[in-house]
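The structure appears right after this line, and notes come after that.
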Amino acid sequence: METRMSQLSKYELEMLVTKLNEQKRKAEQHGNMSEVEVIIRKIAIAQSYLVDTSRFETGRFYQIDGEETRFELHFVNGVMGWGHFEGTVNEVAIPLALIQEEEE
């Protein structure tokens, strides 16, 4: 039975991210892009456990890695930030590691 990410120490999470980055590199070399995408998401989740949740404020806009539209944060639950992208009404969950301060 596999250990959950939430049960890993900071060191173990960092080692997991290193292992996943190696798996991603190998999948890229083999041209398996669907596997690469899955591994990228796993890396984002693992890195989210290392993020300080106190740096996020509800009702604020943030940038999301790889997205042009701003993201308004409604609340944080675990390692996910819930909110919506500007101009939409659908609430979505984003791994905290992907949520960045807006550039001014």
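The mean accessible area for residues of the chain, using a 1.4 Å probe and ignoring ligands and nucleic acids, is 69 Å² per residue.
Using the Karplus relation 6.51 cos²θ - 1.76 cosθ + 1.60 with θ = phi - 60°, the per-residue 3J(HN,Hα) values for region 59-70 come to x, 9, 9, 9, 9, 10, 3, x, 10, 8, 7, 6 Hz, with x marking Gly and Pro. Among the protein heavy atoms of region 29-104, carbon and sulfur supply 47% of the accessible surface, probe 1.4 Å, non-protein parts ignored. Under the convention that each Lys and Arg Cβ holds +1 and each Asp and Glu Cβ holds -1, the size of the dipole of the chain around its Cα centre is about 580 debye. Only helices enter this figure: runs of n ≥ 4 DSSP H residues, each worth -39500 (n - 2.57), summed and divided by the residues of the chain, yield -11500 deg cm²/dmol at 222 nm to the nearest 500. Computed on the chain, the Cα convex hull volume stands at 137 Å³ per residue. Here region 60-100 is described by how far its Cα atoms reach on the three principal axes: 25, 19, 15 Å, from widest to narrowest. Would you work out which of 23, 66, 47 lies farthest towards the positive end of the dipole of the chain? Charges go on Cβ: Lys and Arg +1, Asp and Glu -1. The listed residue farthest towards the positive side: 23. Here the Kirkwood formula puts the hydrodynamic radius of region 5-49 at 10.6 Å, using every distinct Cα pair. Residues whose amide H falls under 5 Å from that of residue 74, counting only those 5 or more places apart or on a different chain, are 59, 82, 83, 84, with hydrogens built in the peptide plane.
The values are calculated or read from the model by the stated rules, or taken from the named source; none is laboratory data. Quantities reported herein were computed from a predicted structural model and do not represent experimental measurements. Cβ: placed from backbone, ideal geometry, glycine included. Neighbour counts: every protein chain shown. Side chains are part of the model used for accessible areas, which takes the heavy atoms of the whole protein and leaves out ligands, DNA and RNA. Shrake-Rupley method; radii C 1.70, N 1.55, O 1.52, S 1.80 Å.
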